[in-house]
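The values are calculated or read from the model by the stated rules, or taken from the named source; none is laboratory data. Please read all numbers here as calculations on a predicted model, not as lab measurements. As a convention, Cβ positions derive from the backbone with ideal geometry for all residues, glycine included, and neighbour counts pool all protein chains shown.
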Amino acid sequence: MFVTDTLTEVLPDRRRRSVLLVFCCTLFGAAAQVLIKSGANTLGAHLSAAETILAIATNLPLLAGYSLYGVSTILLVLALRHGELSLLYPVIALTYVWVTILSVLIFQESMNALKIAGIAVIIIGVAILGKGDPR
Amino acid sequence: MAWVATGSFIGSFGAVGLKAGAKRLGRNLKSVYTNWRLAAGVGAYLVSAVFFVFGLRRGELSILYPMVSLGYIWTLFWSRLFFGEPLTRTKFLALGLILSGIAILGLGNQ
């Protein structure tokens, strides 16, 4: 989907900057999810579909969350200009780690060994998908 | 969970719309905003976001956020179907891992 230059040698400092940028991306992305969840928590479950959509469009934490999500997407595109997708994608999977930690800390969600194992297996799957086929 | 699963399905058409639209882009800005495929892709993403929020009203973030990765699986099939991209052994491995991860997550949620 994204255009990256895999043929030319990428300078090491540029590559490091790309990894750092993607790392920031995962932090912003996780913060966005927390904002979206706290916005969703304030929506009444008894509202009709039309009322809920109106409530979504006027919900400040939700809108802030999706804006932050937009910012993290732009950062990702910037990072991908100088970095290889296969190198950066496993870093992106860090978002799952942050979201899990924040869900427990902020929303007091329960955690057990099975849930952690499930998230770990998903992270490995997403990382492999991003890394692509060995050349 | 059903909200997020349905949302990930709709959202995967977002990627299809963006890809189909991107292939038809010219060098001018007008070709971006008059491109109905791109608009349909963005629309699909918006609808899937609404479904995600519907799911999050009651569901746990630590369960529902990883479930969004179901979308990667749909996207692999649409890429094969609509754009003829090869489904390699590595992609199958990743697909199997993501599906098993979601199944294990579901078991842990009970």
Original post:
So is A:I128 within 12 Å of chain B (Cβ to nearest Cβ), among the β-branched types (V, I, T) and surrounded by fewer than 18 Cβ atoms within 10 Å (Cβ to Cβ) or not?
Top reply: no
Subject >> Members of segment A:29-79 found to be outside any helix (DSSP H, G or I), under 24 Å from A:Q108 (Cβ atoms) and touching a helix residue (DSSP H, G or I) at 6+ places or on another chain (Cβ under 8 Å), listed by number >> reply: A:T42, A:L43, A:G44, A:N59
Original post:
In segment A:42-64, which residues are free of Cβ contacts under 8 Å to residues at least 12 places away in the same chain and over 17 Å from B:V47 (Cα atoms)?
Top reply: A:G44, A:A45, A:H46, A:L47
Subject >> Number of positions in segment A:80-115 that are among the polar types (S, T, N, Q) and either exposed (fewer than 15 other Cβ atoms within 10 Å of the Cβ) or not in a helix (DSSP H, G or I) (or both) >> reply: 3
Original post:
For the subset of segment A:73-115 comprising residues that are of a type in the set (S, T, N, Q) and over 11 Å from the mean Cα position of the chain (by Cα), which member is farthest from A:G130 (Cα to Cα)?
Top reply: A:Q108
**OP:** Residues that are within 9 Å of chain A (Cβ to nearest Cβ) and within 21 Å of A:A30 (Cα to Cα): find the helices (runs of 4 or more DSSP H) completely inside segment B:26-110 holding 1 or more of those.
**Re:** B:36-56, B:61-67, B:70-83, B:89-108
Original post:
Can you name the residue in segment A:30-48 that is more than 7 Å from every other protein chain (Cβ to nearest Cβ), within 17 Å of the chain's Cα centre (by Cα) and of a type in the set (A, V, I, L, M, F, W, C) and, of all such residues, is nearest to A:W98 (Cα to Cα)?
Top reply: A:A30
Original post:
Quick one: in segment B:36-52, which of the residues that are over 24 Å from A:S103 (Cα atoms) and crowded, with 20+ Cβ neighbours inside 10 Å is farthest from the chain's Cα centre (by Cα)?
Top reply: B:L38
**OP:** With respect to A:N59, determine if the residue is within 13 Å of another protein chain (Cβ to nearest Cβ), touching a Gly at 6+ places or on another chain (Cβ under 6 Å) and modelled with pLDDT under 95.
**Re:** yes
Subject >> Any chance B:G71 is farther than 30 Å from A:V104 by Cβ and either crowded, with 17+ Cβ neighbours inside 10 Å or under 15 Å from the mean Cα position of the chain (by Cα) (or both) >> reply: no
Original post:
Listed residues B:G59, B:G55; which is in contact with a helix residue (DSSP H, G or I) (Cβ under 6 Å, 6 or more places away or on another chain) and either crowded, with 17+ Cβ neighbours inside 10 Å or under 22 Å from A:I119 (Cα atoms) (or both)?
Top reply: B:G55
